[in-house]
1. Restrict the check to segment 107-114 and report whether at least one residue is surrounded by 14 or more Cβ atoms within 10 Å (Cβ to Cβ) and assigned to a loop (DSSP other than H, G, I, E, B).
2. State all residues of segment 77-92 that are out of contact with any Ser or Thr (no Cβ under 9 Å at 6 or more places or on another chain) and either without any contact (Cβ under 8 Å) to a residue 60 or more places away in the chain or on the phi > 0 side of the Ramachandran plot (or both); if no residue qualifies, say none.
3. Any chance you could count how many residues in segment 201-242 are crowded, with 20+ Cβ neighbours inside 10 Å, modelled with pLDDT of 95 or more and not in a strand (DSSP E or B)?
4. Could we say that residue 118 is buried (at least 16 other Cβ atoms within 10 Å of the Cβ), out of contact with any Leu (no Cβ under 8 Å at 6 or more places or on another chain) and of a type outside the set (A, V, I, L, M, F, W, C) here?
5. Of all residues in segment 178-193, which are surrounded by fewer than 16 Cβ atoms within 10 Å (Cβ to Cβ) and either touching a helix residue (DSSP H, G or I) at 6+ places or on another chain (Cβ under 8 Å) or at positive phi (or both)?
6. Would you mind stating whether residue 209 is of a type in the set (Phe, Trp, Tyr), in contact with a Gly (Cβ under 9 Å, 6 or more places away or on another chain) and under 25 Å from residue 30 (Cα atoms)?
7. Considering only segment 117-125, I want to know if a residue exists there that is part of a strand (DSSP E or B), hydroxyl-bearing (Ser, Thr, Tyr) and under 18 Å from residue 30 (Cα atoms).
8. So in segment 73-99, with the set limited to residues that are closer than 15 Å to residue 40 by Cα and in contact with a Phe, Trp or Tyr (Cβ under 9 Å, 6 or more places away or on another chain), which one is modelled with the lowest pLDDT?
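The values are calculated or read from the model by the stated rules, or taken from the named source; none is laboratory data. Nothing here was measured: the structure is a model prediction, and the numbers come from that model. As a convention, Cβ positions derive from the backbone with ideal geometry for all residues, glycine included, and neighbour counts pool all protein chains shown.
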Amino acid sequence: MRQLRLLLVLAMVTLAGGPARVEAQPARGMLKIALLPQWVVNQHRAGASLASRGGVSPQLSRALDGGVVERVVFWWQRGVIQREALVWKPFRVLDGAEAAALGGRGGFDLVAVRPPTGGAAWTEVEIAPRAGQPAEVAVLEIGGELAPLRQVLDSLFLASPDGSVTELDLARRAIVRGEGVQIITAPFDRPVTVAEAPGLFRGGRGLEFLVVRSQVEVTSGGEATPNGFGDLSAFSAGAWREGDRVFVRVPAAAMRAGLPSVVMGWRDRLVRPDGGDGNELRRSSRLVPLSR
């Protein structure tokens, strides 16, 4: 009887095509991003020694991991970040032809965007590959919203688990391109179709970046604001509110290896009131609500 049961089990396994195989799930990517106003970055630059990596105080790492507080933070207080100061930005994973135009390959889904909680300043962005082939590359878009403040990427850092923070240079627009993360201009709220864009990404530790800026003409650092020096536009049309789009290429291979954390500092772009002398701008900038 026991032999008969064994024969029946073997027959059922054979008919079913053999033992069931468990398919390996593609590795998801967890990208931690801290979105800060540039004045918070400047605050921690002021406390940095010449030997510190990235030109920021080691207290910035402590502030990012557990220094977010509900109270007011003054300029001389480093190692803490006021929660009200954290910047909000939209996130999107590109797909199809739009991703391919920036060097993306394969299909990815934006699984979750988790805002900062507790004492941490990190927004957690989870990306999942649909197939998980090693050569696939996701393209994540950060920003691109219309906002009254904090539209311009001013600084970019990579943070390691050991607490070190390394700054990536931003290559400003010039006739001869610099070696840092490239900044190009393109029409706002449209897919980027610049032919050379896939070759312009720069970065490190598995991540590559490209900044696409509004085509509005500004005077860089032309006006002092509560958020530091902001770019000043002479035109009151809606273009002055167009936020930078930061594209991040994330290879599937880097997702498996583990991704570094990203820190971004954002400055303002403001518009000079028509016919004003600039004093109206200083007064009005203090009344604009924080971008959340």
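1. yes
2. Within segment 77-92, 77, 80, 81, 82, 83, 90, 92 qualify.
3. The total comes to 0.
4. In short, no.
5. Listed by number, the residues that qualify are 189, 191.
6. Details: of a type in the set (Phe, Trp, Tyr): yes; in contact with a Gly (Cβ under 9 Å, 6 or more places away or on another chain): yes; under 25 Å from residue 30 (Cα atoms): yes.
Yes, satisfied.
7. Within segment 117-125, one or more residues are part of a strand (DSSP E or B), hydroxyl-bearing (Ser, Thr, Tyr) and under 18 Å from residue 30 (Cα atoms).
8. 75
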